[in-house]
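J.: This structure is in structure tokens; I'll ask about it shortly.
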Amino acid sequence: MFGCLETATYLRHKIVLGSKRKYPIHPINTKREVFGEYHHLSDDLKEDAERFRSYYRMHPQTFSAILDIVRDDLQKEHGKPISPEERLTLTLRFLSTGISFRALAFSFRMGRSTVAKIIEETIAIIWKRLQPIYVKQPTKDSCINVAENFQKKCNFPNVIGAVDGKHIRIKAPANCGSNFFNYKSFFSIVLQGVADSDLKFVAVEVGAYGKESDGGIFSRSQIKRVLGTNTIQLPETGSDIALPYFLIGDSAYPLQPYCMTRISSNLTYERRIFNYRHSRARRCIECAFGVLAAKWRVLKTTIETRLETAEMIVLASVALHNAIICLEGTERSESDIEDWDDSSARTAAGCPDRARFHGRPSYYATWVPDQLVGYFTGAGKVSWQDNYV
């Protein structure tokens, strides 16, 4: 019995000794300020704006503006701290490439655990500081402004955003069963986003199970609750046509007074016109997702972190996406959006009182697209629409 105790004590002692680090800082990492990627590359990149943009995924002025916002939170006082600029650079390289923490550790000459800790801290700070500035909560005035821009750029009235979901590939969490396994046959969480006509996200929710449908996620979302109860007190009708304000989504979403989908039955010529105009406006969310994932390529890889960290990676990417568009503008071609006189686009068609349809939203919801069908073939007609039907 005493021999067993002695053996167990020896094994515990051996494990503890074996787990000790050989070096406080590995000799390779002590040369970080000479050979680390940030230290031997950053100064040269600052002299070449195009290469800087390719590396950081933003212009130098944008990087400086974002760094100024997060600098105080990234500044550490203990020992010989890693500078806020290097911490932000490391995080942006992770987001823009999606390479592993270990690969970044070798490149930046840091410990892997140091890289992981810096990235986790920095993405949280990015979301905390940029969200109130660039991903603000929707308000009455901001929604009306979004609708005006949709009318100007996409020729679709009363649209306060285009909604859709995007699957973000993740490493399967422990004991998750099939909750995160989606119809595309990989594990994911869902980013549900609402985009404006400038491809900025005006509302996002992250973390729904991959197995869920877009419509199911939307039915429980804060976005749906806000619109369903009109918490932000939008006017009953828009300024260009006497219809309510609404989101536009694909067929996975429910047809509601606050969410317009394509018409799928009895497709007359006029209804096909409506579907074309609907798709033309809805592409803003598809383009927003495309730009987001093309710039922050971690969203195209399998995110192998804790679930909470994966969600924060997505949120930080969205905040940076919006910040870059606000500071640099939207890079997109609008050559297919022709100028046309909308001075006569206002219609006098009466909009039924919503109270009349209380408890019968499906009837009211189907009435709205019928009115839009008439609008797009009448006062709201554009010269090129017949070429696409």
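Quick note: the coordinates plus some simple rules give every number you see, no bench work behind them. The structure presented is a predicted model; accordingly, all values stated were derived computationally and were not measured. Please note: Cβ atoms are built from the backbone with ideal geometry, for glycine as well, and neighbour counts cover all protein chains shown.
J.: State the percent of C-alpha pairs, over all pairs in the chain, separated by a distance greater than 26 angstrom. Numbers along the way, then the final one.
T.: Numbers: 45388 of 75466 pairs.
The calculated P(r) of the chain puts 60 percent of pairs beyond 26 Å.
J.: A further question on this structure: Using a Förster distance of 35 Å, how high is the FRET efficiency between residue 41 and residue 239, based on the Cβ-Cβ distance and rounded to 0.05?
T.: Calculated transfer efficiency: 0.10.
J.: If you average 1/r over all unlike Cα pairs in segment 22-134 and invert the result, what Kirkwood radius do you get in angstrom? Could you put the intermediate results ahead of the total?
T.: On the way: mean 1/r = 0.0682 Å⁻¹.
The Cα-based Kirkwood calculation yields 14.7 Å.
J.: Just to confirm my numbers, what's the Cα centroid distance between segment 255-270 and segment 123-169 in Å?
T.: One Cα centre to the other: 23 Å.
J.: If packing is taken as the average number of other Cβ atoms within 10 Å across a peptide's residues, how do 85-92, 72-79 rank, most packed first?
T.: 85-92, 72-79
J.: Show that you can apply the helix-only estimate: for the chain, add -39,500 (n - 2.57) for every DSSP H stretch of four or more residues, divide by all residues, and state [θ] at 222 nm to the nearest 500.
T.: Estimated from H runs of four or more residues: -16000 deg cm²/dmol.
J.: Okay, moving on. Determine the shape class of segment 264-327: with a ≥ b ≥ c the square roots of the Cα gyration tensor eigenvalues, call it rounded for a/c under 1.5, and otherwise prolate if a/b is greater than b/c, oblate otherwise.
T.: Here segment 264-327 falls in the prolate category.
J.: Out of 126, 313, 223, any idea which swings most in a Gaussian network model of the chain, alpha carbons joined below 10 Å?
T.: 223
J.: Too long at a 21 Å Cα-Cα cut-off: which of 76/117; 140/224; 140/381? Could you put the intermediate results ahead of the total?
T.: Numbers: 76/117 13 Å; 140/224 15 Å; 140/381 28 Å.
The pairs that break the limit, which is 21 Å between Cα atoms, are 140/381.
J.: Please report the relative contact order for the chain, taking Cα pairs under 8 Å with a sequence separation of at least 6, and give it as a percent rounded to a whole number.
T.: Numbers: 524 pairs, mean separation 67.1, N = 389.
It rounds to 17 percent for the chain.
J.: Quick one: which of 98-106, 369-377 comes out on top by average Cβ neighbours within 10 Å, and what's the full order, highest first?
T.: Descending packing order for the listed peptides: 369-377, 98-106.
J.: Using the Cα centre of segment 22-134 as the reference point, and only Cβ charges (+1 on K/R, -1 on D/E), how large is the resulting charge dipole? Debye, rounded to the nearest 20.
T.: With Lys and Arg at +1 and Asp and Glu at -1, about 500 debye.
J.: So for segment 22-134, taking the charge dipole from beta-carbon charges (+1 Lys/Arg, -1 Asp/Glu), which of 88, 62, 28 sits furthest toward the positive end?
T.: 28
J.: Additional query: Quick one: putting +1 on the C-beta of Lys and Arg, -1 on the C-beta of Asp and Glu, what dipole do you get for segment 85-188 around its Cα centre, in Debye to the nearest 20?
T.: That gives a dipole near 280 debye.
J.: Any chance you could give the angle, 0 to 90 degrees and rounded to 10, that helix 2-19 forms with the longest Cα principal axis of the chain?
T.: 70
J.: Separate question: Looking only at 317, 265, 221, which one moves most when the chain is put into a Gaussian network model with springs between Cα atoms under 10 Å?
T.: 265
J.: Now a separate question. With an 8 Å cut-off on Cα pairs and a minimum separation of 6 or more residues, tell me the relative contact order of segment 22-134 in percent.
T.: That works out to 28 percent.
J.: In addition: How big is the dipole moment of segment 46-89 about its Cα centre under a simple scheme where the beta carbon of each Lys and Arg is +1, that of each Asp and Glu is -1, and everything else is neutral? Debye, nearest 20, please.
T.: 140
J.: Of the beta bridges DSSP finds with both residues in the chain, what % are antiparallel, to the nearest 5?
T.: On the way: 17 of 22 bridges.
Bridges in the chain are about 75 percent antiparallel.
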